[in-house]
1. With the requirement that a residue be over 13 Å from residue 248 (Cβ atoms), surrounded by 23 or more Cβ atoms within 10 Å (Cβ to Cβ) and hydroxyl-bearing (Ser, Thr, Tyr), what does region 261-294 give you?
2. Counting only residues that are touching a residue at least 60 places away in the same chain (Cβ under 8 Å), part of a helix (DSSP H, G or I) and of a type in the set (A, V, I, L, M, F, W, C), how many does region 258-273 have?
3. Can you confirm whether residue 276 is in a helix (DSSP H, G or I) and not polar (S, T, N, Q)?
4. Can you tell me which residue is modelled with the lowest pLDDT among those in region 64-85 that are closer than 24 Å to residue 225 by Cβ and in contact with a Phe, Trp or Tyr (Cβ under 6 Å, 6 or more places away or on another chain)?
5. In region 66-82, what residues are assigned to a helix (DSSP H, G or I) and either touching a residue at least 40 places away in the same chain (Cβ under 8 Å) or farther than 18 Å from residue 123 by Cβ (or both)?
6. Take region 48-79 and flag every residue that is of a type in the set (Gly, Ala, Ser), crowded, with 18+ Cβ neighbours inside 10 Å and either farther than 18 Å from residue 299 by Cα or touching a strand residue (DSSP E or B) at 6+ places or on another chain (Cβ under 6 Å) (or both).
7. Here is a list of conditions, (1) touching a His at 6+ places or on another chain (Cβ under 9 Å); (2) of a type in the set (Phe, Trp, Tyr); (3) at pLDDT below 90, and residue 253 meets all of them except one; can you say which number that is?
8. Go through 218, 214, 248 for me and flag whichever is at pLDDT 95 or above and part of a helix (DSSP H, G or I).
Amino acid sequence: MIVSVKKILKTSIPLIFGAILVWYSLSKISINVLIGYFKEANYEWIFLGLFFGILSHLSRAYRWKFMLDPLGFKPRFTNSVLAVLVGYLVNLAIPRAGEVSRAFVLTNYEQIPFEKGFGTIVAERIADLVMMLCIIIITLFVQFDFIYDLLTKNFDASKISIGLIILTIICYILYFFVKKATSGILLKIKTFVIGLVEGVTSIFRMKNKVAFIFHTIFIWVMYVAMFWATIPAISGLEVPFGGVLIGFIAGGFSIAATNGGIGLYPIAVAGALALFDIPSDPATAFGWIMWTAQTAMIIIFGGLAFLFLPIYNKHK
């Protein structure tokens with residue numbers, strides 16, 4: 001009974017939170033104004049962005065083979081693509097369940113043991129986490145002056161220095177205790193970090209590591225390109241490259257926080273673009289157009305994947 005309640009809460013709370021955020025976001029812009037932006041948007045740019053998104057999904061499905069090859073499995077590319085699309089669709093409804101559904105698809109149609117398929121997906125996610133960290137680091141370098149000026153404008157420089165010193169001391173203390181941890185939450189952190197390091201180093205021991213690394217970089221370049229390509233869809237919206245990176249990062253974290261970024265994505269993106277003095281209405285409209293395009297793509301292609309899977313594998 002308690003387990004069922006926990007499952008219901010895990011599914012319902014993010015959806016309720018997302019609904020509240022949708023209300024909050026729409027309270028910042030008139031519905032008629034937002035609809036006007038959708039009507040006047042240049043959909044050629046939106047479709048170009050979606051094209052980049054589709055390329056990233058195909059690349060992700062192809063990259064998967066490099067994780068499965070050493071285990072002795074060679075799933076058909078079509079099934080890999082369908083599994084990836086189904087996974088994205090399931091994640092919209094139930095957070096983190098998409099990875100499980102991906103593994104189940106290959107278990108059902110390619111006879112790949114669930115635990116092995118799921119293990120490769122976890123390793124993929126580690127590679128994706130590293131790429132996200134790389135994009136954040138690149139953004140810090142590219143926009144160092146902007147970020148520094150922003151911090152010093154809003155906070156006293158001496159307080160920032162003291163804060164950095166305190167943060168460094170805290171990190172060192174945490175490192176010491178995590179390293180010695182044998183139980184509790186610190187042990188979980190230690191296990192996660194060790195798994196992260198092992199996952200990253202395993203990539204360099206992979207037979208096709210160059211191809212795997214190429215596809216990993218390509219996937220994330222396509223993600224950024226999808227964001228960048230959609231900007232001209234709104235007439236007069238000009239975002240500098242640094243704004244593209246910061247907006248993309250903000251949107252990425254919002255997707256991880258709620259089901260597919262529902263409600264939070266437009267708020268996060270608009271907030272990031274506001275740092276570059278971009279007016280609220282076009283920034284919020286862009287966030288909604290970007291989120292709607294991504295979500296529509298996932299629902300349409302994910303739904304088709306659900307329908308096509310049993311047809312394509314009708315002999316099984």
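1. Of everything in region 261-294, just one residue is over 13 Å from residue 248 (Cβ atoms), surrounded by 23 or more Cβ atoms within 10 Å (Cβ to Cβ) and hydroxyl-bearing (Ser, Thr, Tyr), namely 284.
2. We begin by selecting, within region 258-273, every residue touching a residue at least 60 places away in the same chain (Cβ under 8 Å); these are 258-260, 262-264, 266-267, 270.
With part of a helix (DSSP H, G or I) added as a condition, the list becomes 259-260, 264, 266-267, 270.
Checking which are of a type in the set (A, V, I, L, M, F, W, C) leaves us with 264, 267, 270.
Result for region 258-273: 3.
3. The answer is no for residue 276.
4. Filtering first and then ranking leaves 66.
5. Listed by number, the residues that qualify are 66, 67, 68, 69, 70, 71, 77, 78, 79, 81, 82.
6. Hit for region 48-79 is 59, nothing else.
7. The one condition residue 253 does not meet is (1).
8. Values: 214 fails: at pLDDT 95 or above; 248 fails: at pLDDT 95 or above.
From the options 218, 214, 248, the qualifying one is 218.
The values are calculated or read from the model by the stated rules, or taken from the named source; none is laboratory data. All of these numbers come straight from a predicted model, not from anything done at the bench. Neighbour counts run over all protein chains shown; Cβ positions are idealised from the backbone, glycine included.
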